[in-house]
Amino acid sequence: MSEVVTLSNAHIFQKGIKVLSNVQLSVQESDFIFLIGKTGSGKSSLMKTLYGELQLEEGEGHFAEFNFKKLKRKHIPLMRRKIGIVFQDFQLLMDRNILRNLYFVLKATGWKKKKEIHERSIACLKMVGLEEMGAKMPHELSGGEQQRVSIARALLNDPKLILADEPTGNLDPETSEEIMRLLIAVAQEKKAAIIMATHDMHIVKLFPHRTLLVKDGLVIEQ
């Protein structure tokens, strides 16, 4: 198993205030990790450090060939191509159909050939069971289907790491379970590591995986 992300003795700051102290984190390929903790506990700050939104000021941290402490602004887009992000509120572009949502991301991350862009988009929709939905507009899809599209979007560049921020937060329990099964299958099949921030303890209990609790400025292995 190869290591995807490491943080060691990491101190994470937001606007000059220390949010998390002495974070030790080692994530291997195919790992599925829940990140739990109250609102404001620092879960988002940890996620932001992992996708380069916050610079790591103290300690050590790496993702693939990128060093979080030495990460230059110009290298962040390059790093993010290797990270898939799934949001609670889907963040689809409402003015274009599903396929064109995916085309947009591929073009933005440097894909040039129309045929390859189309084939990759279809392949990712297929992975989430929505290959027939490409021509539909986002508003024509249910919440669960929209979240599947956002998972397809996260998979476009074959990421080694997927960060899922409350991906079941806007979904009913049954749909939440479907999305969880899909994410777990993706981690296994694609050997991607997934870190999922959630408040949904029902999901955490139903799908037991490694769990990290963010509390009192610390990240505690459960």
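Table for the structure above
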item	result
Residue match in region 78-94 (condition: closer than 22 Å to residue 134 by Cβ and among the small types (Gly, Ala, Ser))	yes
Among residues of region 205-215, those that are within 16 Å of residue 183 (Cα to Cα) and under 17 Å from the mean Cα position of the chain (by Cα), counted	3
Selection count, region 194-208, where residues are within 22 Å of residue 10 (Cβ to Cβ) and out of contact with any Lys or Arg (no Cβ under 7 Å at 6 or more places or on another chain)	4
Residue 138 vs. criteria modelled with pLDDT of 95 or more, in contact with a Phe, Trp or Tyr (Cβ under 8 Å, 6 or more places away or on another chain) and within 30 Å of residue 206 (Cβ to Cβ)	yes
Positions within region 1-51 being among the hydrophobic types (A, V, I, L, M, F, W, C), touching an Asp or Glu at 6+ places or on another chain (Cβ under 8 Å) and within 25 Å of residue 184 (Cβ to Cβ), in sequence order	1, 4, 7, 27, 47
Selection status of residue 33, within 25 Å of residue 78 (Cβ to Cβ) and either within 17 Å of the chain's Cα centre (by Cα) or in a loop (DSSP other than H, G, I, E, B) (or both)	yes
Residue check for residue 168: touching a Pro at 6+ places or on another chain (Cβ under 9 Å) and among the polar types (S, T, N, Q)	no
Residues within region 62-93 that are part of a strand (DSSP E or B), touching a helix residue (DSSP H, G or I) at 6+ places or on another chain (Cβ under 7 Å) and either without any contact (Cβ under 8 Å) to a residue 60 or more places away in the chain or not aliphatic (A, V, I, L, M) (or both), tallied	3
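The values are calculated or read from the model by the stated rules, or taken from the named source; none is laboratory data. Bear in mind that the values here come from a model prediction, so they are computed numbers and not experimental data. Please note: Cβ atoms are built from the backbone with ideal geometry, for glycine as well, and neighbour counts cover all protein chains shown.
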